[in-house]
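Read through the structure below, which is laid out as structure tokens, and then see the notes.
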Amino acid sequence: TQGLMLIAKNRQAHYLLSKDIKQVKRVYHCLVEGILKGEGIIDKPIIKDKNSVKRLIDASGKKAITVYRSLKIFDNKSLIECDLKTGRTHQIRVHLSSINHPLLSDPLYGTNSKLINRVALHGYKLEFNHPFFNQKITVFADIPDDMKFIGKIDLQ
């Protein structure tokens, strides 16, 4: 994944941010295989595969919720925005693969792609309360050039 990441600069900030990590809103942009129109909610529990680094959908897993909406469709591919309501490892990758729309170039949950040499997932937006000033902070990171190029994307 590329894009935004929240890092605490000291132990106190880390403590305050992790005390209520659910208040941190994370939004991602990703390119997926196939035509995925509209919007939806994927509410499927996730567990770790005992034999690999993969995660699996399983009723005994931890609750995982991803809200998605389609931003652009082109060449049997879709640009999707994902708003994470929970934060499980590989959540977007597992959820989108489970509805038959794996991320481009994701060999773990889909297939490799000649169009991009990394998993087509980008941390687009972070929103959180400043740990010391209780001020809402919202930051954005433009979609990277390699993803823009694939779908001639202009989200400006």
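The values are calculated or read from the model by the stated rules, or taken from the named source; none is laboratory data. Every value quoted in this text rests on a predicted model; they were computed, and no experiment measured them. So basically every Cβ, Gly included, is an ideal-geometry build from the backbone, and we count neighbours across all protein chains shown. These accessible areas exclude ligands, DNA and RNA; they are computed on the full protein's heavy atoms, side chains included. Shrake-Rupley method; radii C 1.70, N 1.55, O 1.52, S 1.80 Å.
What the table below lists for this structure:
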quantity	calculated
Scan of segment 79-134 for residues that are among the charged types (D, E, K, R), in a loop (DSSP other than H, G, I, E, B) and either open to solvent by 30 Å² or more (accessible area, probe 1.4 Å) or within 15 Å of Met5 (Cα to Cα) (or both), ordered by number	Lys85, Arg88, Lys114, Arg118
Those residues of segment 135-154 which are surrounded by 13 or more Cβ atoms within 10 Å (Cβ to Cβ) and within 19 Å of Ser70 (Cβ to Cβ), in sequence order	Ile143, Met147, Lys148, Ile150, Gly151, Ile153
Where Asp75 falls short, out of the listed (1) of a type in the set (D, E, K, R); (2) in contact with a helix residue (DSSP H, G or I) (Cβ under 9 Å, 6 or more places away or on another chain); (3) surrounded by 14 or more Cβ atoms within 10 Å (Cβ to Cβ)	(3)
Out of Arg69, Arg55, sole residue that is open to solvent by less than 70 Å² (accessible area, probe 1.4 Å), modelled with pLDDT of 95 or more and out of contact with any Cys (no Cβ under 7 Å at 6 or more places or on another chain)	Arg55
Residue tally, condition in contact with a helix residue (DSSP H, G or I) (Cβ under 6 Å, 6 or more places away or on another chain), farther than 18 Å from Val119 by Cα and of a type in the set (Lys, Arg), over segment 53-71	0
Index of the failed condition, Arg69 passing every other in (1) among the charged types (D, E, K, R); (2) under 28 Å from Phe133 (Cβ atoms); (3) in a strand (DSSP E or B)	(2)
Complete set of residues in segment 7-19 that are open to solvent by 60 Å² or more (accessible area, probe 1.4 Å) and either in contact (Cβ under 8 Å) with a residue 12 or more places away in the chain or more than 22 Å from Ala64 (Cα to Cα) (or both)	Ile7, Lys9, Asn10, Arg11, Gln12, His14, Tyr15
So Lys37, is it surrounded by 16 or more Cβ atoms within 10 Å (Cβ to Cβ), charged (D, E, K, R) and either within 14 Å of Tyr109 (Cβ to Cβ) or in contact with a strand residue (DSSP E or B) (Cβ under 8 Å, 6 or more places away or on another chain) (or both)	no
Yes/no for Asp49 being without any contact (Cβ under 8 Å) to a residue 40 or more places away in the chain, surrounded by 13 or more Cβ atoms within 10 Å (Cβ to Cβ) and over 20 Å from Lys136 (Cβ atoms)	no
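Yes/no per residue for (1) out of contact with any Ser or Thr (no Cβ under 9 Å at 6 or more places or on another chain); (2) closer than 17 Å to Lys22 by Cα:
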{"site": "Lys62", "(1), (2)": "no, yes"}
{"site": "Ile65", "(1), (2)": "no, yes"}
{"site": "Leu84", "(1), (2)": "no, yes"}
{"site": "Gly87", "(1), (2)": "yes, yes"}
{"site": "His95", "(1), (2)": "no, no"}
{"site": "Val119", "(1), (2)": "no, no"}
{"site": "Gln135", "(1), (2)": "yes, yes"}
{"site": "Lys148", "(1), (2)": "yes, no"}
